[in-house]
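Okay, structure first, notes after.
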Amino acid sequence: MQTSDRVFPEWDVSHWFNTDHALRLADLRGQVVLVEAFQMLCPGCVSFALPMARKVHQLFGAQGVAVIGLHTVFEHHSAMQPHALEVFLHEYQIRFPVGVDAPLEGSSTPTTMARWQLQGTPSTLLIDKAGRLRAHHFGSIDELQLGVVLGQLLSEGAPSGDAAPLPDEASSSVCDEQTCAVPGAGKPS
């Protein structure tokens, strides 16, 4: 898990879905933000990460948790274009805002994925009301433990340290039923 006392850097999004305007992390201050970084062809994203994010959006959206999807493609670029993502979001009933991570010139890793040092997908990030990263997890997350962390972050008036850690269950393989890792990526610092 990665945490920071500084405001977390902005994403770089080339296209938005499920919102009528471009979103910025800075505009979401005052809310707890759950960012789910995913790919359409990532088994773990489809099996558990996106359904979990959808559930958080349904249960906590009105309570001050903004759920944002970040489609961050580091493999199979030609198959995961925005038109395919639009169909995917409709079929999987993803209603929260989803941004397409902007390409990084000369790299197969997109801009935000590189900036945030994400290991792969699914990656879940929790940003507190002050805009600071409080949890960063690669792989599946126990829903009960995530609920506890969200409750802690929602109850904070002013952030006062780290939320309870999320367990590290990520696989070390490049792609399996749980995760799709960026080849050669190390753990976030």
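Would you mind finding the one in LEU85, LEU125 that is at pLDDT 95 or above and on the phi < 0 side of the Ramachandran plot?
On the way: LEU85 fails: at pLDDT 95 or above.
When all the criteria are applied, what remains is LEU125.
List the number of the failed condition for LEU34; all other conditions in (1) loosely packed, with under 15 Cβ neighbours inside 10 Å; (2) touching a helix residue (DSSP H, G or I) at 6+ places or on another chain (Cβ under 8 Å) hold.
(1)
Need pairs with beta-carbon distance below 6 Å; first residue among the charged types (D, E, K, R) and within the stretch 78-107, second assigned to a helix (DSSP H, G or I); sequence gap 6+ or separate chains.
ASP101/THR112; ASP101/MET113
Looking only at the stretch 128-138, which residues are in contact with a Gly (Cβ under 7 Å, 6 or more places away or on another chain) and either among the polar types (S, T, N, Q) or not in a strand (DSSP E or B) (or both)? Give the derivation first.
Going residue by residue through the stretch 128-138, those that are in contact with a Gly (Cβ under 7 Å, 6 or more places away or on another chain) are 129, 138.
If the condition is that a residue be in contact with a Gly (Cβ under 7 Å, 6 or more places away or on another chain) and either among the polar types (S, T, N, Q) or not in a strand (DSSP E or B) (or both), then LYS129 is the only one that fits.
Residue pairs, Cβ under 9 Å, 6 or more apart or interchain, first in the stretch 136-159 and under 15 Å from LEU59 (Cα atoms) and modelled with pLDDT of 90 or more, second exposed (fewer than 14 other Cβ atoms within 10 Å of the Cβ) and among the polar types (S, T, N, Q). List them.
Note: pairs meeting the criteria are LEU150/GLN63; LEU154/GLN63.
Which of (1) part of a helix (DSSP H, G or I); (2) over 17 Å from TRP11 (Cα atoms); (3) among the small types (Gly, Ala, Ser) does ALA114 not meet, given it meets every other one?
Tallying (1) part of a helix (DSSP H, G or I); (2) over 17 Å from TRP11 (Cα atoms); (3) among the small types (Gly, Ala, Ser), ALA114 fails exactly one: (2).
Here is a yes/no grid of residues against (1) within 17 Å of the chain's Cα centre (by Cα); (2) under 16 Å from ASN18 (Cα atoms); (3) in a helix (DSSP H, G or I); (4) not polar (S, T, N, Q):
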| residue | (1), (2), (3), (4) |
| --- | --- |
| LEU70 | yes, yes, no, yes |
| LEU89 | yes, yes, yes, yes |
| VAL100 | yes, yes, no, yes |
| GLU105 | no, no, no, yes |
| LEU126 | yes, no, no, yes |
| VAL148 | no, no, yes, yes |
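Okay, residues lined up against (1) among the hydroxyl-bearing types (Ser, Thr, Tyr); (2) part of a helix (DSSP H, G or I); (3) modelled with pLDDT under 95:
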| site | (1), (2), (3) |
| --- | --- |
| TRP16 | no, no, no |
| THR19 | yes, no, no |
| ALA22 | no, no, no |
| ALA26 | no, yes, yes |
| ALA62 | no, yes, yes |
| ALA66 | no, no, no |
| GLU75 | no, no, yes |
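The values are calculated or read from the model by the stated rules, or taken from the named source; none is laboratory data. Given the structure is predicted, the values throughout are model-derived calculations rather than measurements. Because the Cβ atoms are built from the backbone with ideal geometry, glycine has one as well, and the counts that use them run over all protein chains shown.
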